[in-house]
């Protein structure tokens with residue numbers, strides 16, 4: 001592993017030196033341990049964990065059926081119904097807790113599918129190049145350019161409604177962005193010496209792709225996965241809000257659909273609108289934080305900036321514009 | 001030129017893909033789509049409407065390739081059939097009004113968020129570690145996490161319903177009719193504040209963050225040091241040297257976001273009953289107006305393609321490297 005040595009003399013603090021001296025760990029997973037020390041990542045992980053726990057333990061937190069009518073319609077938050085009731089007299093809190101299951105489930109499952117699909121297509125294009133790349137790249141660009149939501153709506157219109165339909169439709173329309181990134185990265189990695197070495201030593205194509213190239217993109221894969229999760233949760237909520245999903249199942253999106261349907265705005269029932277939207281926003285925010293942190297940890301330039309930032313803080317130097325030049329200790 | 005030709009080829013392929021998708025989707029449905037549609041309408045359909053649906057899908061008795069050619073021919077002549085939901089208005093009439101409002105709202109909100117976002121990005125990078133640089137990224141990232149339509153709902157509730165500062169719906173006051181008068185333009189502007197504002201709030205952070213990260217890299221280049229050493233005024237270094245180069249990734253992004261905005265805007269239009277293509281698309285789907293729906297999907301796609309091509313022209317003008325290669 002190459003540890004950038006900082007050429008600014010002030011940077012030779014004990015903190016930086018101890019980092020340089022430490023024995024290198026498995027380079028592929030180094031980003032993960034680094035992330036755990038970043039407050040951004042910790043915030044993101046904590047928020048995500050809270051929501052995942054909420055989804056898993058929904059029967060414990062809100063033991064009653066969320067679709068049950070519990071009282072008068074449109075009650076403002078009270079001690080009994082802490083988030084009030086919907087326009088149909090259902091408990092908003094229970095719906096929010098149970099809604100996490102479908103919303104997060106759809107989001108994460110779709111995120112995983114999109115990542116797999118974009119990995120397969122992107123790496124194939126990047127590894128085999130030639131006409132395979134030509135065809136796949138054109139397809140990628142076409143999918144990038146065709147506006148997503150109208151396509152989603154058109155597709156959702158023709159297919160039978162249901163959670164599975166939504167997951168498949170979202171995956172089919174959402175893979176292009178990741179495929180482009182993976183293609184570019186595969187093209188770069190393919191030229192590296194370790195891949196050439198594997199080719200020369202007679203490794204099978206399968207092994208080269210999955211054991212040489214893929215592990216070197218782990219952080220990119222994770223970041224793409226999180227990005228897809230955000231996309232999926234948002235698009236799912238949008239489709240549900242428009243009523244293109246099975247609106248009798250409780251999810252954050254269908255909560256918003258019913259809020260709109262019962263004209264929550266005109267009756268002033270803001271408590272039916274705030275919780276699902278805030279949940280979606282918090283999950284998206286947490287995920288974005290994880291992506292930023294991952295980016296910071298794996299991008300050498302951003303990483304060194306952070307290290308230098310802490311050094312500058314030590315010397316009480318406030319403003320600074322450019323990134324100091326870094327040199328590798330030994331050749332790249 | 002080679003670059004432009006390549007891009008144009010791509011857009012043609014994309015347009016063809018959208019056209020074909022539109023043609024194939026109803027045919028890929030199990031059963032006879034026209035019959036199932038008629039049964040879904042539960043008899044509330046007139047014979048001439050059935051003909052209109054058949055024509056819109058290109059369902060004639062010929063083989064598939066012949067239907068395909070007929071369909072393409074009709075599309076190229078701008079003939080999308082007659083709308084079922086607002087019978088007997090022609091689909092092309094609905095589209096031409098919708099297109100205007102969608103492009104107006106989309107371009108205005110995208111331009112505002114692009115300009116504000118990039119300026120903010122330049123500003124916070126110039127004052128690295130300052131108050132704005134500490135607060136804005138987190139705040140705007142959080143704003144950016146909200147779903148477009150949800151923020152639109154909340155703004156509608158707060159500023160239109162509770163405070164009554166802005167109108168609740170539509171693109172202009174109901175009692176006015178489109179005319180090139182000051183009252184009308186004023187009405188349009190007032191109606192645009194909330195829809196455009198909600199889109200800007202959600203999207204401005206992205207521009208800022210991209211600008212910031214590119215600016216950080218650009219500022220460490222030698223030509224910036226050189227410009228500073230020459231004693232050029234700060235403002236000139238900031239805008240003419242640093243920003244000019246750092247803005248390129250965002251320009252590429254601009255074309256792509258036109259697509260995203262037109263998509264996301266669909267929901268915004270719904271929330272504000274703004275009479276754009278998206279609003280009509282949702283309406284068409286809800287009333288199962290297939291011919292309108294197909295035409296709208298095509299139109300939104302074409303709008304995005306044309307917008308992307310304009311951005312490409314701009315890009316060639318801005319980046320000499322593309323011009324050469």
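Counting neighbouring beta carbons within 10 Å and listing from fewest to most, the residues A:68, B:212 come out as A:68, B:212. Per-residue mean of foreign Cβ neighbours for A:59-65 is 0 (Cβ atoms of other chains, 10 Å radius). Averaged over peptide B:211-218, the number of partner chain Cβ atoms lying within 10 Å of each residue's Cβ comes to 2.
The largest-to-smallest principal axis extents of the Cα set in the stretch B:192-319 are 66, 29, 20 Å.
I need the calculated FRET efficiency for the pair residue A:68 and residue A:32, taking r as the beta carbon distance and R₀ as 45 Å, to the nearest 0.05.
Efficiency at R0 = 45 Å is approximately 0.60.
Counting 0.36 nm for each residue step from residue B:273 to residue B:235 and taking away their Cα separation leaves a gain of 9.4 nm.
For a paramagnetic label modelled at 7 Å from the Cα of residue B:173 toward its Cβ, which residues of the stretch B:262-285 fall within the zone defined by backbone nitrogen distances under 12 Å? No residue qualifies, since no backbone N sits under 12 Å from the label point. Taking other Cβ atoms within 10 Å as a rough exposure proxy, B:287, A:205, A:86 sort from fewest to most as A:205, B:287, A:86. Using 1/(1 + (r/R0)^6) with R0 = 45 angstrom and r between the beta carbons of residue B:92 and residue B:115, what's the FRET efficiency to the nearest 0.05? Given R0 = 45 Å and the Cβ-Cβ separation, E is 0.85. Among A:182, B:23, sorting on how many other beta-carbon atoms sit within 10 Å of each Cβ, with the fewest leading, yields B:23, A:182.
Among the residues of A:231-244, the average count of other protein chain beta-carbon atoms within 10 Å of the residue beta-carbon is 3. As a calculated quantity, the FRET efficiency between residue A:205 and residue B:193 at R0 = 56 Å, using C-beta atoms, amounts to about 0.45.
FYI, it's all coordinate maths here, none of it is from the lab. Predicted, not measured: the structure shown is a model, and the values here were computed from it. For neighbour counting, all protein chains shown are included, and Cβ atoms are generated from backbone atoms with ideal geometry for every residue, glycine included.
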